[in-house]
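Notes follow once the structure below has been shown.
Rule-based calculations on the coordinates, nothing more; no lab input. Note that this is a predicted model, so its numbers are computed, not measured. Neighbour counts are summed over all protein chains in view; Cβ atoms, including those assigned to glycine, are modelled from backbone coordinates with ideal geometry.
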Amino acid sequence: MAEQDHQISDIVVRERSRLRNFIRRRVRDEADVEDLLQEVFYELVEANRLLMPIEHVTGWLFRVARNRVTDWFRKKKPELFSDAAVEDEYGELLRMEDLFPSPDLGPEAGYVRNLLLDELEEALDELPEAQRDVFIAHELEGRSFKELSLASRVSVNTLLARKRYAVLFLRERLQRAYDEFSELIKRK
């Protein structure tokens, strides 16, 4: 038991900084970053206590961190991407969150949902920093453009334009990924 505790302590010391930075890139509030980091390490302790085999600890920790951040955003603001609507094949407007399959539809839908969430994370990382920052601040953190303008000393119109470009990119990128994953599911 003491050896397991020592191993966990070593992992925490070794991975703490990288995990904190990973979470901090997605969550701005330092208290929330620390809470999420503690949740990740709590899951590591629980997995160890339940003797769950973890082959690649670092990869597992980052996957847990990504899932905790996703859960945090869902709790904080349930309707994500409210301004980013796309038309379906019938001309109906869908919000971005409508493009993600419900996890209630079974394991395949949950798998596709996780793949799409990974795509979202990658797509956000592909955005230019200024566009990504304004998109995350407005859509995910719920900050107003006026507040962002005062904090950054960038005009509201410039911030609106940056967000617009981010939304256009994300719409196209995520719709393409969604279509590819939908085809995979149809084939099965």
note = Listing 165, 42 by rising number of other beta-carbon atoms within 10 angstrom, fewest first, gives 42, 165
key: Over the stretch 1-76: Kirkwood hydrodynamic radius from C-alpha pairwise inverse distances, Å   = 12.7
message = Highest mean first, how do 132-139, 15-22, 62-69 rank when packing is the count of other Cβ atoms within 10 Å averaged over residues?
response = 132-139, 62-69, 15-22
task = Considering Cα pairs under 8 angstrom that are at least six residues apart, work out the relative contact order of the stretch 1-76 and quote it in whole percent.
result = 34
